[in-house]
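Student: Quick one: structure below, then a few questions.
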Amino acid sequence: MPWGRRGGRVSALESGSEEEAPPAAAAGPSALWVSQLQPEVAAGQILLQGIFKIGKSSCDVVLGERALRWWPIQPERPAGDSKYDVQRKEEFIEVKDIFSVKLKRRYSAKQQGNGTLLGITLFICLKKDQNKLKDSTLDLINLSEDHCDVWFKQFKKILAGFSNRPKSLKVILNPQSHKREATQVYYEKVEPLLRIAGIKTDVTSSTNVLAHSLHGIPHVVTATLHIIMGHAQPVDVCTFSTTGKLLRFGFSAMFGFGGRTLALAEKNRWMSPNQRRDFAVMKALAKLKPEDCEIAFLPCISSCDLQERKAEGSPKSGNDQWQTIQGQFLNVSIMAIPCLCSVAPRGLAPTTRLNNGSMALIIARNTSRPEFIKHLKRYASVKNQFNFPFVETYTVGEVKVRPRNLSGYDPEDDGRHAAASENSFPWNIDGDLMEATSEVHIKLHPRLIKLYGGSMEERNDPQVTCNCL
């Protein structure tokens, strides 16, 4: 591989400090770089051709519309000397994987101005494994100012052509996440990459439960590189309303055990996040009791049925026949996204996708505490968490949840409803507490917004087998 020491960068000990941009990660594994250019990559007009030193070798370098290619310059073969008959080893990167370019300079303490030009540094986004991305660099060394200026301007022109890549961002940080180290993680791992890419940022102290499901992996560099590279995809969004009044937008909701647990946690915010979570779960389980509810839902139809209805000129909305179930429910979940998290690595709704135009309605009817705990523990395992007689699952487009006991719920009482929470029921909406006093209507809006993130690959875990979803 034509990479110099330390990923091809000249270290501060060898040459003084480099350009002001912080260094990216070391060069990626050689498995990500192939020696033979694929035909579809090789196609395209040649823009520039020249000589640069890459690593320890002087190379012929060709910049095309789709790829940057290079190979070591072979010495001239003396007549009859067969030892020079070696096939050139060609390597490449696709230009779409480049997210920034900088002029590489050497500075010394006594030197003023721009410093001595060393060449050009390319900042590259590489795919490491499955859903993980990493940043890398490639140095093109050439001491000619004119030569490097032509190449630098051409790289800048190419990068300017990626119109889907952001120029400015509103960044939302959760100061309580990652052991309250979120701000430190952002300024150490995220902000340097955004600065290298030339993206302006405005930072705000809020929560975000979507990132894990969006990227398929809880990896901050991967999330940052998806943003820098402009990897966007449409995402389904839900509206939550009551009596015709819009309450909020969201992606997931829990009523019953999930809502009560969050209400208990919010009442004990003086505890540390981990203590507060564990305390709330244990107390909610100790006082486990069902809610008397009526649930109405509009089932989604399959893609095959939808095609038939289109051919017949029928409405596109689907069944249009509301179904209603009543009873005692320990928990009701409505998920428009998989909801991957540390306690459910395959997701709270593992067969739901970010933009498949449907929600998962998961209902846990009244059962014994040990059986309900078994159901909860299944989320952290590879077993099917829905394979219980008291659990029902549906694929829906709209849901209405109407508590039939309107006296409300107080998470701090001894099991009896109290006047302090009269007509109020706790909902867990994307990890935020929402209190409602009447029926809540959840409606899916397919592909309503676009978010930065890559298409999540299928995981290697055994797939959930459930005939209902």
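The values are calculated or read from the model by the stated rules, or taken from the named source; none is laboratory data. The model shown is predicted, which means the values in this text are computed figures rather than measured ones. Using ideal geometry, Cβ is built from the backbone for each residue, glycine included, and neighbour counts are taken over all protein chains shown. Ligands, DNA and RNA are stripped out before the accessible areas are found, and what is left, the full protein with its side chains, is counted by its heavy atoms. Shrake-Rupley method; radii C 1.70, N 1.55, O 1.52, S 1.80 Å.
Student: For the range 157-213, which fully contained helices (runs of 4 or more DSSP H) count at least 1 residues that are at pLDDT 90 or above?
Tutor: Per the criteria, 191-196.
Student: Could you list, in sequence order, all residues of the range 148-162 that are open to solvent by 50 Å² or more (accessible area, probe 1.4 Å) and in contact (Cβ under 8 Å) with a residue 24 or more places away in the chain?
Tutor: Across the range 148-162, the qualifying residues are V150, K156.
Student: I've got another one for you. Taking the range 115-147 as the search range and keeping residues that are of a type in the set (G, A, S) and open to solvent by less than 10 Å² (accessible area, probe 1.4 Å), which one is nearest to H231 (Cα to Cα)?
Tutor: Per the stated criteria, the residue is S136.
Student: Would you please list the contacts, defined by Cβ atoms under 8 Å and residues six or more apart or on different chains, that run from a residue in the range 78-103 that is more than 18 Å from F155 (Cβ to Cβ) to a residue that is at pLDDT below 60 and hydrophobic (A, V, I, L, M, F, W, C)?
Tutor: Within 8 Å, the pairs are E90/L37.
Student: Exactly one of (1) under 21 Å from the mean Cα position of the chain (by Cα); (2) modelled with pLDDT of 75 or more; (3) farther than 24 Å from P446 by Cα is unmet by L354. Its number?
Tutor: Every listed condition holds for L354 apart from (3).
Student: If you scan the range 236-263, which residues turn out to be among the aliphatic types (A, V, I, L, M) and either under 20 Å from P338 (Cβ atoms) or surrounded by fewer than 21 Cβ atoms within 10 Å (Cβ to Cβ) (or both)?
Tutor: If the condition is that a residue be among the aliphatic types (A, V, I, L, M) and either under 20 Å from P338 (Cβ atoms) or surrounded by fewer than 21 Cβ atoms within 10 Å (Cβ to Cβ) (or both), then V237, L246, L247, A253, M254, L262 are the ones that fit.
Student: Residues in the range 335-346: is at least one among the charged types (D, E, K, R), touching a strand residue (DSSP E or B) at 6+ places or on another chain (Cβ under 7 Å) and either in a loop (DSSP other than H, G, I, E, B) or within 23 Å of K287 (Cβ to Cβ) (or both)?
Tutor: Scanning the range 335-346 turns up no residue that is among the charged types (D, E, K, R), touching a strand residue (DSSP E or B) at 6+ places or on another chain (Cβ under 7 Å) and either in a loop (DSSP other than H, G, I, E, B) or within 23 Å of K287 (Cβ to Cβ) (or both).
Student: Follow-up. Hey, can you tell me all the residues within the range 54-69 that are open to solvent by less than 50 Å² (accessible area, probe 1.4 Å) and part of a strand (DSSP E or B)?
Tutor: Answer for the range 54-69, where residues must be open to solvent by less than 50 Å² (accessible area, probe 1.4 Å) and part of a strand (DSSP E or B): I54, S57, C59, D60, V61, V62, L63, G64, A67, L68, R69.
Student: Filter the range 357-389 for residues that are of a type in the set (A, V, I, L, M, F, W, C), free of Cβ contacts under 8 Å to residues at least 40 places away in the same chain and not in a strand (DSSP E or B); which is least open to solvent (accessible area, probe 1.4 Å)?
Tutor: So the residue we want is F388.
Student: What's the number of the condition R105 fails, among (1) at pLDDT 50 or above; (2) buried (at least 16 other Cβ atoms within 10 Å of the Cβ); (3) closer than 25 Å to I227 by Cα; (4) charged (D, E, K, R)?
Tutor: Every condition holds for R105 apart from (3).
Student: Go through (1) open to solvent by 60 Å² or more (accessible area, probe 1.4 Å); (2) over 20 Å from F425 (Cβ atoms) for L354 and report which single condition fails.
Tutor: Single failed check for L354: (1).
Student: Return the residue satisfying two criteria in turn: it lies in the range 273-303 and is open to solvent by 50 Å² or more (accessible area, probe 1.4 Å) and part of a loop (DSSP other than H, G, I, E, B), and of such residues it is modelled with the lowest pLDDT.
Tutor: This residue is S302.
Student: Let me ask something else. Based on this model, can you work out whether G327 counts as at pLDDT below 90 and either small (G, A, S) or touching a Ser or Thr at 6+ places or on another chain (Cβ under 9 Å) (or both)?
Tutor: Considered against the rule, which asks whether it is at pLDDT below 90 and either small (G, A, S) or touching a Ser or Thr at 6+ places or on another chain (Cβ under 9 Å) (or both), G327 comes out as no.
Student: Of these, N366, N428, which one is within 21 Å of F297 (Cα to Cα), modelled with pLDDT of 75 or more and within 23 Å of the chain's Cα centre (by Cα)?
Tutor: N428
Student: Could I ask something else about it? Among the numbered criteria (1) modelled with pLDDT of 90 or more; (2) open to solvent by less than 70 Å² (accessible area, probe 1.4 Å), which single criterion is violated by P345?
Tutor: (1)
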